[in-house]
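Undergrad: Quick one: structure below, then a few questions.
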Amino acid sequence: MKQKNQGLWTIKSFVIMLVVTFIAVPVFIEGALQQALQSLFKSDLYAGTATGFVMAAVFLSALYWLMVQADDRKIGFQSFSKRYWPLILFWLLVLILGSVAIVVLMEWFGMTYENKKTNSLQQDLSLFSFILAFVSAAVISPFYEEIIYRGFFYTWLKRKGGIMFGLMGSSFIFMLVHIPTYNTLPVNFLSGLVFAWVYEKTKSLLSSMIIHACFNGIAVILTAAA
């Protein structure tokens with residue numbers, strides 16, 4: 001079993017996922033495909049949501065292919081003990097308060113950037129658009145992002161350089177993939193730290209998915225309410 005695990009966490013696997021993350025997805029999906037979808041739907045929200053589905057499929061397909069090549073399909077989907085629920089709620093609260101503090105500081109320094117999906121939701125708010133945005137942010141994104149950024153990147157980096165290296169490295173990658181929404185980058189980095197730390201403590205991606213889903217869901221609700 002040890003040899004199989006080593007097959008998954010090779011430098012080649014890491015480089016392949018970096019190429020998918022920073023070249024293939026941004027150029028062909030977030031770039032060309034999303035522009036085509038925007039022309040089709042005439043809505044940044046609809047185009048962004050559809051793009052998110054495709055991104056999830058591409059990311060998970062690439063990772064599954066690497067896992068099949070290594071003959072190891074375990075990626076951290078085991079359940080976690082009920083005793084971790086207070087920890088999950090605590091770190092969710094820390095993330096919310098920390099994010100609010102970051103946003104306040106950024107606004108104080110005049111650091112803002114337009115978020116097309118957020119603006120689209122607010123300008124064309126309906127039950128359907130709200131449900132679409134909520135499912136995209138609180139279901140689809142937490143599912144595939146936790147598998148990729150915590151299940152793969154964090155685990156790979158931790159095995160190479162320890163927990164702190166894994167925390168900082170995976171959070172930095174998680175932050176970079178959210179460019180060009182620059183106003184969210186500090187929050188994304190903090191989120192990456194919290195998600196990875198909870199995953200490390202519980203040894204289960206389900207726990208980090210729960211925090212991720214709750215945090216994103218609250219953000220969508222507040223955006224719609226605003």
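The values are calculated or read from the model by the stated rules, or taken from the named source; none is laboratory data. Just so you know, these numbers come straight off a predicted model, no measurement behind them. Counting neighbours? That spans all protein chains shown, and the Cβs are built from the backbone with ideal geometry, glycine included. All accessible areas refer to the heavy atoms of the entire protein, side chains included, with ligands and DNA or RNA removed. Shrake-Rupley method; radii C 1.70, N 1.55, O 1.52, S 1.80 Å.
Undergrad: Between Gly166, Gly217, Gly161, which is open to solvent by less than 40 Å² (accessible area, probe 1.4 Å) and within 30 Å of Val15 (Cβ to Cβ)?
TA: Details: Gly217 fails: within 30 Å of Val15 (Cβ to Cβ); Gly161 fails: open to solvent by less than 40 Å² (accessible area, probe 1.4 Å).
Within the list Gly166, Gly217, Gly161, the selection yields Gly166.
Undergrad: Further question: Among the residues in the range 144-167, are any acidic (Asp, Glu), touching a residue at least 40 places away in the same chain (Cβ under 8 Å) and under 19 Å from Lys74 (Cβ atoms)?
TA: Start the filter on the range 144-167 by keeping residues that are acidic (Asp, Glu), which leaves 145-146.
Adding the requirement that they be touching a residue at least 40 places away in the same chain (Cβ under 8 Å) leaves 145-146.
Among the residues that remain, those that are also under 19 Å from Lys74 (Cβ atoms) are: 145-146.
Scanning the range 144-167, I find at least one residue that is acidic (Asp, Glu), touching a residue at least 40 places away in the same chain (Cβ under 8 Å) and under 19 Å from Lys74 (Cβ atoms), so the answer is yes.
Undergrad: Also, I was wondering about something else. Tally the residues that are aromatic (Phe, Trp, Tyr) and either buried (at least 20 other Cβ atoms within 10 Å of the Cβ) or in contact with a strand residue (DSSP E or B) (Cβ under 8 Å, 6 or more places away or on another chain) (or both), restricting the search to the range 169-196.
TA: Going residue by residue through the range 169-196, those that are aromatic (Phe, Trp, Tyr) are 172, 174, 182, 189, 195.
Still in the list and also either buried (at least 20 other Cβ atoms within 10 Å of the Cβ) or in contact with a strand residue (DSSP E or B) (Cβ under 8 Å, 6 or more places away or on another chain) (or both): 174, 195.
Residues that pass the stated criteria total 2.
Undergrad: Working only within the range 69-103, note down all residues that are assigned to a helix (DSSP H, G or I) and of a type in the set (S, T, N, Q).
TA: Kept after step one, since they are assigned to a helix (DSSP H, G or I), are these residues of the range 69-103: 69-70, 82-103.
Passing the criteria: Gln69, Ser99.
Undergrad: Please go through (1) modelled with pLDDT of 95 or more; (2) open to solvent by less than 40 Å² (accessible area, probe 1.4 Å); (3) farther than 29 Å from Leu105 by Cα for Ser129 and return the number of the only condition it doesn't satisfy.
TA: Evaluating Ser129 over (1) modelled with pLDDT of 95 or more; (2) open to solvent by less than 40 Å² (accessible area, probe 1.4 Å); (3) farther than 29 Å from Leu105 by Cα leaves (1) as the failure.
Undergrad: Output yes when any residue across the range 101-123 is among the aromatic types (Phe, Trp, Tyr), modelled with pLDDT of 95 or more, open to solvent by 40 Å² or more (accessible area, probe 1.4 Å) and on the phi < 0 side of the Ramachandran plot, and no when none is.
TA: Pass one, the range 101-123, residues among the aromatic types (Phe, Trp, Tyr): 108-109, 113.
Filter once more, so that each one left must be modelled with pLDDT of 95 or more: none.
No, because not a single residue in the range 101-123 is among the aromatic types (Phe, Trp, Tyr), modelled with pLDDT of 95 or more, open to solvent by 40 Å² or more (accessible area, probe 1.4 Å) and on the phi < 0 side of the Ramachandran plot.
Undergrad: Could you grab me the full set of residues in the range 1-17 that are at pLDDT 90 or above and open to solvent by less than 50 Å² (accessible area, probe 1.4 Å)? Break it down into steps so the answer makes sense when it comes.
TA: If we filter the range 1-17 for residues that are at pLDDT 90 or above, which is where we start, we get 11-17.
Ser13, Phe14, Ile16, Met17 - these are the residues of the range 1-17 that are at pLDDT 90 or above and open to solvent by less than 50 Å² (accessible area, probe 1.4 Å).
Undergrad: Additional query: Exactly one condition in (1) touching a Leu at 6+ places or on another chain (Cβ under 6 Å); (2) within 30 Å of Thr10 (Cα to Cα) is false for His212; which is it?
TA: Of everything listed in (1) touching a Leu at 6+ places or on another chain (Cβ under 6 Å); (2) within 30 Å of Thr10 (Cα to Cα), His212 misses just condition (1).
Undergrad: Find the residue count for the range 154-169, including only residues that are farther than 12 Å from Tyr199 by Cα and not charged (D, E, K, R).
TA: Looking only at that region, the number is 8.
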